[in-house]
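> I have a structure I would like to understand better, so I am pasting it below and will then ask my questions one at a time.
The values are calculated or read from the model by the stated rules, or taken from the named source; none is laboratory data. Values in this document were obtained by computation on a predicted structure and should not be read as measured data. Here the Cβ is made from the backbone with ideal geometry for all residues, glycine too, and neighbour counts use every protein chain on show. The area values use the complete protein model at the heavy-atom level, side chains included, leaving out ligands, DNA and RNA. Shrake-Rupley method; radii C 1.70, N 1.55, O 1.52, S 1.80 Å.
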Amino acid sequence: METILVLAHTENDGSLAKSAREALHAAATLHKSLAGSKFVIGLIGENIQAAANSIAACPATKYFGVNGADFAQPRYATDAAAAEAVCRAAQATVVVAPATSRWARVLPGVAQRLGGRTDTHVTGVAAADGKISVNRWYYRQRMESVQTRTPRPWILGIDPGSQTPCECGAGTVGVEMVAVDLPDVAKRTTVVGIREPKADAQTIRPDAKLLFVTGAGWTKKQADGQTHLPEAERLILEFLKKSRASLGSSKSLVDQGGEGQAVLPFLSHLNQVGQTGATPRHARGLSTCCHGEEPHTVGWRFVAERRAINLDPNCGWARGKADVLYVADAFKVMAKVNELLATA
Ligand SMILES: Cc1cc2nc3c(=O)[nH]c(=O)nc-3n(C[C@H](O)[C@H](O)[C@H](O)COP(=O)(O)OP(=O)(O)OC[C@H]3O[C@@H](n4cnc5c(N)ncnc54)[C@H](O)[C@@H]3O)c2cc1C
């Protein structure tokens, strides 16, 4: 009989992130389709009671928790010890966890300590005839596989954004606290501060409704034989500010910046979408001045509705890569869109 454990950590404010609710949804669905399975939850953080209460209506039969200031900040030694203790207390055979950056660093080590196995980048979990299988994408999202494993415990890192978050309501639950034996050496790493870009310079927004992608065309000579970089910068930033879209880019455009050319200063390789970049999961995407070549569009695998603006009716987007292609000048279109947004 499988014991399915959802293993989540709380956020700074004691809440559960959307990614944790996604893991919960995946695990609850698995539990439903796996006759005789047990479903339990494990939470780790400074104070986990509020998080446990926030998902009281979920079908779990038991809650385990590791509480305390030592578990407030992400730190391999304390997180791994806590996760191991919860897995052992719950006697988990299948562990479903959100693949946050905090958990992604820790879970493979926990699998090793427990003598189990782990799979990362899981995008689906299912059961048929009593057998659990997981989905993963390979070769930069070109091939999807369905895999099973017999060793236990099997720890699954669920890719954030790949599941529907559960909507379990709140209530009050009792949590069995698990003691973790921490040697002093486990606490020698402390987070002294976080360096991050200013809020308005942070253009990568995984939770945005729209992915707005810029291509090298923004820096190319236009019909008048001139480049229009300052105008491109103004149009793009204005659109991002008004729409709160997430900013993606083609490789060509971010590479130009890396080579020291005068391009759009707010773009870095972190914005790059594609085979050698990111595979974002926004519901909608709008590509501008980007040719839509395969190494780029392969990064659009999970973008549900795709639109592109390109002067070239024969660009890659026209070959089945976009749902809608506007054959138009992106400078003019975005100026009009910004004007409409300003009056909206
Ligand atoms: C191994 C490998 C890995 C790669 N990985 C990636 C990757 O991860 N991501 C990625 O993006 N690329 C990747 N590439 C590069 C990819 O093949 C393309 O070269 C790149 O995506 C092209 O970028 P672009 O479309 O912005 O530029 P271009 O090909 O220069 O296209 C610019 C487009 O802008 C249009 N345009 C110009 N002016 C306007 C205007 N006013 N209005 C509307 N449209 C206009 C033009 O018609 C043109 O289609 C990879 C390549 C290789 C070989």
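> Pick from the stretch 142-167 the residues that are in a loop (DSSP other than H, G, I, E, B) and open to solvent by less than 30 Å² (accessible area, probe 1.4 Å): which of them is farthest from A90 (Cα to Cα)? Please lay out each step first, then the result.
In the first step, residues of the stretch 142-167 are kept if they are in a loop (DSSP other than H, G, I, E, B); the result is 142, 148-153, 159-167.
Retained after the next criterion (residues that are open to solvent by less than 30 Å² (accessible area, probe 1.4 Å)): 153, 159, 166.
Numbers: P153: 11, D159: 23, C166: 22 Å.
This residue is D159.
> Just give me the residues in the stretch 1-29 being surrounded by 22 or more Cβ atoms within 10 Å (Cβ to Cβ) and among the aliphatic types (A, V, I, L, M), in sequence order.
Passing the criteria: I4, L5, V6, L7, A8, L16, A20, A23, L24, A26, A27.
> Continuing with the same structure: What are the pairs with Cβ atoms under 6 angstrom where one residue, in the stretch 297-314, is more than 9 Å from the ligand (Cβ to nearest atom) and part of a strand (DSSP E or B) and the other, located anywhere, is among the charged types (D, E, K, R) and open to solvent by 20 Å² or more (accessible area, probe 1.4 Å)? Sequence gap at least six, or different chains.
From the stretch 297-314, the pairs are E305/R284; E305/D323; R306/D323.
> Among the residues of the stretch 76-92, write down those that are free of Cβ contacts under 8 Å to residues at least 40 places away in the same chain and open to solvent by 10 Å² or more (accessible area, probe 1.4 Å).
E84, R88
> On to the next question. Scan the stretch 24-49 and report the pairs whose first residue is closer than 17 Å to S133 by Cβ and whose second residue is part of a helix (DSSP H, G or I), with Cβ atoms within less than 9 Å and a gap of 6+ or a chain change.
So the pair list comes out as S37/L30; S37/H31.
> Is it true that V134 is open to solvent by less than 40 Å² (accessible area, probe 1.4 Å) and part of a strand (DSSP E or B)?
So V134 fits the description; yes.
> Mind checking which pairs have a first residue in the stretch 191-219 that is among the hydrophobic types (A, V, I, L, M, F, W, C) and a second that is open to solvent by 50 Å² or more (accessible area, probe 1.4 Å) and not in a loop (DSSP other than H, G, I, E, B), Cβ under 8 Å, 6 or more apart or different chains?
Close Cβ pairs satisfying both conditions: I204/L270; L210/R284; L211/R284; A216/S252.
> Would you mention how many residues in the stretch 133-154 are of a type in the set (V, I, T) and in contact with a Leu (Cβ under 7 Å, 6 or more places away or on another chain)?
1
> L340 - would you say it is open to solvent by 80 Å² or more (accessible area, probe 1.4 Å), away from the ligand (no atom under 12 Å from the Cβ) and modelled with pLDDT of 95 or more? Walk me through how you get there before you give the answer.
Details: open to solvent by 80 Å² or more (accessible area, probe 1.4 Å): yes; away from the ligand (no atom under 12 Å from the Cβ): yes; modelled with pLDDT of 95 or more: yes.
Yes.
> Quick test for you: out of D207, D224, pick the one residue that is over 24 Å from E294 (Cα atoms) and within 21 Å of the chain's Cα centre (by Cα).
None of the other options fit; the residue is D207.
> Could you tell me how many of the residues in the stretch 319-330 are in contact with a strand residue (DSSP E or B) (Cβ under 8 Å, 6 or more places away or on another chain) and more than 10 Å from the ligand (Cβ to nearest atom)?
Here the count works out to 5.
> Which of the residues spanning the stretch 239-296 are β-branched (V, I, T), under 22 Å from M143 (Cβ atoms) and near the ligand (Cβ under 8 Å from one of its atoms)?
V273, T276
> Follow-up question, since we're still on this one. Tell me yes or no: at least one residue of the stretch 194-210 is open to solvent by 30 Å² or more (accessible area, probe 1.4 Å) and within 16 Å of the ligand (Cβ to nearest atom).
Yes, the stretch 194-210 has at least one match.
> Here's something else I'd like to know. Please name all residue pairs, on different chains or six or more residues apart, with Cβ atoms under 6 Å, provided the first residue is in the stretch 322-337 and is within 14 Å of T214 (Cβ to Cβ) and the second residue is within 9 Å of the ligand (Cβ to nearest atom).
Pairs that qualify, where the first residue is within 14 Å of T214 (Cβ to Cβ) and the partner is within 9 Å of the ligand (Cβ to nearest atom), are A330/T288; A330/C289; A330/I309; V333/I309.
Yes or no, residue by residue, for (1) of a type outside the set (G, A, S); (2) out of contact with any Leu (no Cβ under 7 Å at 6 or more places or on another chain); (3) in a loop (DSSP other than H, G, I, E, B):
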position: I204; (1), (2), (3): yes, no, yes
position: A208; (1), (2), (3): no, yes, yes
position: G225; (1), (2), (3): no, yes, yes
position: E231; (1), (2), (3): yes, yes, no
position: R234; (1), (2), (3): yes, yes, no
position: L240; (1), (2), (3): yes, no, no
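> Among the numbered conditions (1) touching a Cys at 6+ places or on another chain (Cβ under 6 Å); (2) open to solvent by 20 Å² or more (accessible area, probe 1.4 Å), tell me where I55 comes up short.
Condition (2) is where I55 drops out.
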